[in-house]
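In what follows, a structure is listed as structure tokens, so that the remarks can point back to it.
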Amino acid sequence: MRKQMEGDNQRRRALAREARGRGQQPSQTGASLSASKQITSLDRGKRAGPPPAGRHKPDTTRGGPAPPPAGVPESPRPRTERRAGVPGVTTMGYRELVGDVSRRTGVDFRTAKVGAEATVLALAWALEETERERLLEAVPVSLHDVVPVDGIEQHRELSGFLAEVARISGRSPEQARYQAQATLAALADADGDLVESLRVPDGLRDLLAPPEAGGGLVGPVSATAPLAEDELREALGLLPYWSSDRQSLVRTIELPPDNLDRVLDRIDQLRVEVGRGPQIGRPDPDSAVLTVRTRQVDGVTAVDVDLAARIDDAIEEVGAGINAG
């Protein structure tokens, strides 16, 4: 048996050498030791049975499933970009624009925002339709998408326009004027071509002119301008209960404590109505000192005068109720 096995091995080795000489594998000629256990026609690429365990890369040459085609990214949705230098297109952002209005008028951001929104909406409805669309397209959307437009009235004369701005913003017509001028000045700085090209009604063109110093409007140094000395003197003539140190307006109220509390409660309510109120000092239970001033300005402004007059009206209103009681 052993001699037979050795003979078989010698024969297989000889066959293997011959196969290699012909460029064949020994197993193809039955010369390998395991050849008798193989199917001679077996194609390695078509081996029967389940695939070996484990993860393997797909291979189309081995009969497996073809890999999915490489993904092609979808084209992004086209977006229109506002371009600098194109007339009628402002590149200033919402917060930047309102911040500029706030700086010019000396009021907080929220008050400036309301004033800017009211100005843009009232101006849009004072323009012809094509001009209106161009204005609303150019300014930040946040300035005109927060207020219902159905109830806005069209006014092309100054008094009606300011009354409409005042109604929308909850301010006085005097305050509406300086906030409208500040808003238009800020828009002009952002895009002068836009403001100049709009066909603003003749009755409103005064709002486009640079405001004069004094009078409590937008001042030459981009703040609410202080009253000139003669303007302050004239204002005090209309406010007999007030005095001034040229920086503020001051009024002292002396009343029994219960009545004084009712007056101060009404003044607190006024603060909510107009968005601004006086500083209140209470040196003793029978008296209160009211101080009105614009902190951002070195002097008394027309806004201060307007607030002082409103305070007088509120005090008189409460006083009438006290007397009636």
Give me the percent of Cα-Cα pairs in region 104-169 that sit more than 21 Å apart, rounded to a whole number. 20
Using modelled backbone amide H atoms (1.01 Å from N, in-plane), which distant-in-sequence or interchain residues come within less than 5 Å of Arg156's amide H? none
Pull out the extension gain between Tyr241 and Ile280, defined as 0.36 nm times the separation in residues minus the alpha carbon to alpha carbon distance; nm, one decimal. 12.5 nm
Using a 1.4 Å probe, how large is the accessible area of Ser169, given in Å² and rounded to the nearest 10? 20
Over the heavy atoms of Glu196, what accessible area does a 1.4 Å probe trace out, to the nearest 10 Å²? 150
Extension length gain for Thr130 and Ala228 (0.36 nm per residue less Cα distance), in nm, is 31.1 nm
Relative packing of peptides 154-160, 226-232 - highest average C-beta neighbours within 10 Å first: 226-232, 154-160
Reported to the nearest 10 Å², Arg205 has, with a 1.4 Å probe, an accessible area equal to 100
Apply the Kirkwood formula to region 248-325: the hydrodynamic radius equals the inverse of the mean of 1/r over all pairs of different alpha-carbon atoms; give it in Å with one decimal. 12.9
Taking 7 Å along the Cα-to-C-beta vector as the label spot, tell me the Arg205-Asp108 distance in nanometres, rounded to one decimal. 3.9
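The values are calculated or read from the model by the stated rules, or taken from the named source; none is laboratory data. All of these numbers come straight from a predicted model, not from anything done at the bench. When we count neighbours, we look across all protein chains shown, and the Cβ atoms used for this are built from the backbone with ideal geometry, even at glycine. SASA here: full protein model, heavy atoms, side chains in, ligands and nucleic acids out. Shrake-Rupley method; radii C 1.70, N 1.55, O 1.52, S 1.80 Å.
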